[in-house]
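Structure, as structure tokens:
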Amino acid sequence: MKKWFDPMVSALSGVATHKLRSFLTILGIVIGVAAVITLMSIGRGAEAQIISRIQSLGANLITISPGGGFTFGGVRTAAGSAATLTFEDAQAIAAEVPYIDAVAPSSRSSQQLIAGRQNMNVQVIGATPEYEKVYNLETTSGIFFSQDEYRSAAKVAVIGSEVAATLFPDSNPVGQTIRMGNTILLTIGVLKSKGEMPGSVDSNIIIPLTAMQQVVAQSQTSRGEKVVASIALTVTDKDKATVVADKIESLLRSRHRLSATAENDFRISSTEELAATVSETMQTMTLLLGAIAAISLLVGGIGVMNIMLVSVLERTREIGIRMALGARERDIWTQFILEAASLTFTGGIIGIAVGWVASYIIGRTGTVPTLVSADIVILAVSVSVGIGLFFGFYPAWNASRLNPIEALRAE
Amino acid sequence: MITLQNIVKVYPMGKRELTVLRGVSLTIGQGEMVAIMGPSGSGKTTLLNLLGCLDKPTSGRYFLDGNEVSRLSRSELARVRSQKIGFIFQSFNLLPRISALANVELGMRYADLRDRNLALEALAKVGLAERANHRPTELSGGEQQRVAIARAVVKKPPLILADEPTGNLDSRTSAEIMTILTNLRKEQNMTLVMVTHELDIAHYCQRIIRLKDGEVIAEERL
């Protein structure tokens with residue numbers, strides 16, 4: 001302990017004798033560390049926000065869409081372009097695959113809607129009542145349609161928030177009617193906004209699939225099954241998602257009579273999978289932000305090196321005196337490296353505080369969410385001390401290599 | 001205590017070489033007090049640097065306290081300086097930003113001594129016990145040199161080297177300093193070698209070695 005104490009005191013007194021200079025040097029490190037922490041916290045915050053939005057679509061959601069999977073060397077069929085999934089597939093999945101909570105087949109059609117003097121082109125979704133549960137939908141007013149309304153093919157619509165705002169700018173849409181072609185739909189609910197996300201229903205309306213089949217011409221497969229645009233389902237347990245996906249795959253392959261070598265004519269994706277992909281992308285972005293901020297840390301480090309070189313030059317005589325008193329190269333080296341490290345360590349600590357406050361303020365006032373995590377802090381401090389050691393090494397080595405006679409003669 | 005055998009020191013000066021010491025041999029006994037005198041350029045400072053293990057001879061052998069030190073590495077020489085040698089300089093060479101006490105403690109640090117009482121004791125011996133917490137800039141020249149003496153003797157080294165210790169002081173202060181040095185040397189039985197060009201200062205010593213052009217030209221016992 002004592003062995004480290006003396007050089008530490010020498011190092012700190014070196015820092016203390018030039019308060020302004022030390023402060024400015026530290027400032028470079030403070031800015032660097034604060035920038036790293038702030039930018040990386042923004043990256044982490046954005047990542048967490050997007051993941052939570054994906055989870056809000058339904059944490060245990062699995063979506064099946066028509067179209068091929070990946071082909072080697074070929075072109076993948078665009079998702080949704082083929083008509084291979086059917087309502088009967090959905091029924092079979094619900095009946096035969098275990099761990100399933102709810103299954104929601106749906107079809108889509110682009111239609112022009114008219115209400116009063118307003119009109120709008122929207123994607124109309126024909127769905128079963130399970131759709132509400134599977135996609136975690138909530139209504140801000142009114143209700144989702146019931147099993148009875150579904151079975152009786154009632155001409156009712158649940159509309160997205162943007163649709164509501166466009167078609168009914170001044171009034172409550174619930175209880176009012178919308179014209180779609182020759183059909184009059186009764187609005188029974190308005191959906192809560194999900195923001196701009198894949199799978200958002202803000203600019204959609206949802207009507208019973210049975211009603212959709214009556215109103216809009218539906219295609220059928222060669223076996224006479226009713227084609228749907230996609231099948232969404234939720235599993236009872238997130239851990240079972242892979243098992244469920246595998247079972248669905250083999251069930252659909254046998255139902256679609258695909259030979260052992262044929263590609264799937266459908267794609268299965270889960271929110272888990274989507275979240276993982278997005279998370280990976282966001283992590284890359286976070287690292288990129290951190291790397292940009294690290295440049296300022298590097299500049300700060302060069303500032304430390306600069307000051308240390310000046311400090312060694314200024315204190316040449318002191319170094320000579322210490323050497324005459326019996327200081328070894330190692331003693332001199334330790335003194336200066338500790339001085340550099342204590343500068344950057346102090347800068348690192350202050351930088352953490354500043355970065356933390358900055359990301360808190362940004363998180364509270366801005367639209368960007370922030371998240372400071374322990375690993376970022378540990379990274380920033382160890383990098384700042386590392387920079388001190390790295391950029392302090394050369395000046396300290398210079399000092400330790402001085403010739404004592406010449407050093408004593410220096411002014 | 002000190003045995004020099006045919007010490008030669010050559011400095012490279014660009015393409016030419018400058019021979020500063022041309023075969024110096026001498027012996028200094030334990031507890032002896034010796035003055036080295038000579039005109040400037042005679043090599044007396046170079047000789048003192050070699051004796052102080054701040055430099056190595058080009059050829060020749062140097063035995064200090066029975067051990068040959070002329071072949072040691074930089075860090076081994078530093079070890080010898082920390083254990084066996086105390087320096088006193090003409091310009092005092094105290095660190096200006098720390099107290100007198102801290103300066104004395106600095107003299108102990110590299111000898112791995114960590115006893116503040118020893119430092120206070122050394123300051124008391126040079127009569128500066130009350131000024132322990134003053135910085136060098138708050139002290140007179142004579143007081144500064146007394147701090148430097150305390151720093152040199154605090155680790156009780158067998159050898160004290162002084163380079164013009166009174167060169168920057170008036171004659172009355174010089175006499176004080178020499179009295180302190182002489183008494184401490186006797187008390188701690190240290191060997192003291194000093195470079196000076198003042199004959200009355202040299203007369204505090206038991207022997208004067210005269211150098212000229214890098215050679216010992218005369219020795220006189222007093």
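Close Cβ contacts (under 7 Å, 6 or more residues apart or on different chains) running from residues in the stretch B:102-116 that are facing chain A (nearest Cβ under 9 Å) and in contact (Cβ under 8 Å) with a residue 60 or more places away in the chain to residues that are charged (D, E, K, R) and not in a helix (DSSP H, G or I) are absent.
Checked against the criteria, A:GLU272 does not count as of a type in the set (Asp, Glu), more than 29 Å from B:LEU54 (Cβ to Cβ) and out of contact with any helix residue (DSSP H, G or I) (no Cβ under 9 Å at 6 or more places or on another chain).
Residues in the stretch B:41-73 that are in a strand (DSSP E or B), at negative phi and not acidic (Asp, Glu): B:SER59, B:ARG61, B:TYR62, B:PHE63, B:LEU64, B:ASN67.
Tell me, which helices (runs of 4 or more DSSP H) lie completely within the stretch A:268-367 with 2 or more residues that are surrounded by 22 or more Cβ atoms within 10 Å (Cβ to Cβ), in contact with a Phe, Trp or Tyr (Cβ under 7 Å, 6 or more places away or on another chain) and away from chain B (no Cβ under 14 Å)? Ranges flagged: A:271-314, A:329-365. Between A:VAL278, A:VAL368, A:VAL312, A:VAL299, the distinction of being within 29 Å of A:GLU406 (Cβ to Cβ) and either hydrophobic (A, V, I, L, M, F, W, C) or not assigned by TED's automatic domain parsing to the domain that holds A:ILE26 (or both) belongs to A:VAL312 only. Among the residues of the stretch A:131-140, at least one is in contact (Cβ under 8 Å) with a residue 24 or more places away in the chain, basic (Lys, Arg) and either surrounded by fewer than 18 Cβ atoms within 10 Å (Cβ to Cβ) or touching a strand residue (DSSP E or B) at 6+ places or on another chain (Cβ under 7 Å) (or both). Any residue at all in the stretch A:129-144 that's modelled with pLDDT of 90 or more and closer than 21 Å to A:SER219 by Cβ? The answer is yes; a qualifying residue exists. The single condition among (1) crowded, with 22+ Cβ neighbours inside 10 Å; (2) within 24 Å of A:ARG117 (Cα to Cα); (3) out of contact with any helix residue (DSSP H, G or I) (no Cβ under 7 Å at 6 or more places or on another chain) that A:PHE145 does not satisfy is (2). Looking across the stretch B:54-74, the residues that are within 14 Å of another protein chain (Cβ to nearest Cβ) and under 22 Å from A:ARG409 (Cβ atoms) come down to B:LEU54, B:ASP55, B:LYS56, B:PRO57, B:ARG74. Count of the stretch A:362-385 residues, restricted to those that are farther than 13 Å from A:GLY290 by Cβ and in contact (Cβ under 8 Å) with a residue 12 or more places away in the chain, is 9. Looking at this structure, is B:SER91 under 27 Å from B:VAL126 (Cα atoms), modelled with pLDDT of 90 or more, within 14 Å of the chain's Cα centre (by Cα) and surrounded by fewer than 17 Cβ atoms within 10 Å (Cβ to Cβ)? Here the answer is yes, as B:SER91 does meet what is asked. For the stretch A:248-283, a tally of residues being among the hydrophobic types (A, V, I, L, M, F, W, C) and closer than 30 Å to A:ALA46 by Cα returns 6. When restricted to residues that are among the acidic types (Asp, Glu) and within 18 Å of B:GLY41 (Cβ to Cβ), the stretch B:199-216 contains 2.
Only strands (runs of 3 or more DSSP E) whose full extent lies in the stretch A:110-194 are considered here, and the ones with at least 2 residues that are out of contact with any His (no Cβ under 8 Å at 6 or more places or on another chain) and either under 30 Å from A:ASP237 (Cβ atoms) or among the acidic types (Asp, Glu) (or both) are A:118-127, A:183-191. Could you tell me whether A:GLY175 is buried (at least 21 other Cβ atoms within 10 Å of the Cβ) and in contact (Cβ under 8 Å) with a residue 12 or more places away in the chain? No. Being closer than 26 Å to B:GLY31 by Cα and at pLDDT below 90 holds for only one residue in B:LEU113, B:LEU169, and it is B:LEU113. When the residues of the stretch A:386-411 are narrowed to those that are without any contact (Cβ under 8 Å) to a residue 60 or more places away in the chain and not polar (S, T, N, Q), which ends up farthest from A:TRP333 (Cα to Cα)? It comes out as A:GLY386.
Could you please find all residues in the stretch B:81-101 being under 22 Å from B:LEU48 (Cα atoms), more than 7 Å from chain A (Cβ to nearest Cβ) and of a type outside the set (S, T, N, Q)? If the condition is that a residue be under 22 Å from B:LEU48 (Cα atoms), more than 7 Å from chain A (Cβ to nearest Cβ) and of a type outside the set (S, T, N, Q), then B:LYS84, B:ILE85, B:GLY86, B:ILE88, B:PHE89, B:PHE92, B:LEU94 are the ones that fit. Within the stretch A:372-404, being surrounded by fewer than 17 Cβ atoms within 10 Å (Cβ to Cβ) and within 14 Å of chain B (Cβ to nearest Cβ) holds for A:TRP397, A:ARG401, A:ASN403. Among the residues of the stretch B:103-124, those that are on the phi < 0 side of the Ramachandran plot and surrounded by fewer than 19 Cβ atoms within 10 Å (Cβ to Cβ) comprise B:LEU113, B:ARG114, B:ASP115, B:ARG116, B:ASN117, B:LEU118, B:LEU120, B:GLU121, B:ALA124. Taking the stated definitions as given, is A:PHE5 within 14 Å of chain B (Cβ to nearest Cβ), part of a helix (DSSP H, G or I) and either under 30 Å from A:VAL377 (Cα atoms) or modelled with pLDDT under 70 (or both)? So A:PHE5 passes the test. Considering only residues in the stretch B:163-222 that are in a strand (DSSP E or B) and of a type in the set (D, E, K, R), the one that is surrounded by the most Cβ atoms within 10 Å (Cβ to Cβ) turns out to be B:ASP163. Checking the stated criteria, B:THR137 turns out not to satisfy the condition of being in a helix (DSSP H, G or I) and under 22 Å from B:TYR204 (Cβ atoms). Any chance the stretch A:102-121 includes a residue that's in contact with a strand residue (DSSP E or B) (Cβ under 9 Å, 6 or more places away or on another chain), modelled with pLDDT of 90 or more, on the phi > 0 side of the Ramachandran plot and of a type outside the set (A, V, I, L, M)? Within the stretch A:102-121, not a single residue is in contact with a strand residue (DSSP E or B) (Cβ under 9 Å, 6 or more places away or on another chain), modelled with pLDDT of 90 or more, on the phi > 0 side of the Ramachandran plot and of a type outside the set (A, V, I, L, M).
Quick one: is A:VAL372 of a type outside the set (Lys, Arg) and not in a loop (DSSP other than H, G, I, E, B)?
Criteria not met by A:VAL372.
The values are calculated or read from the model by the stated rules, or taken from the named source; none is laboratory data. Nothing here was measured: the structure is a model prediction, and the numbers come from that model. So basically every Cβ, Gly included, is an ideal-geometry build from the backbone, and we count neighbours across all protein chains shown.
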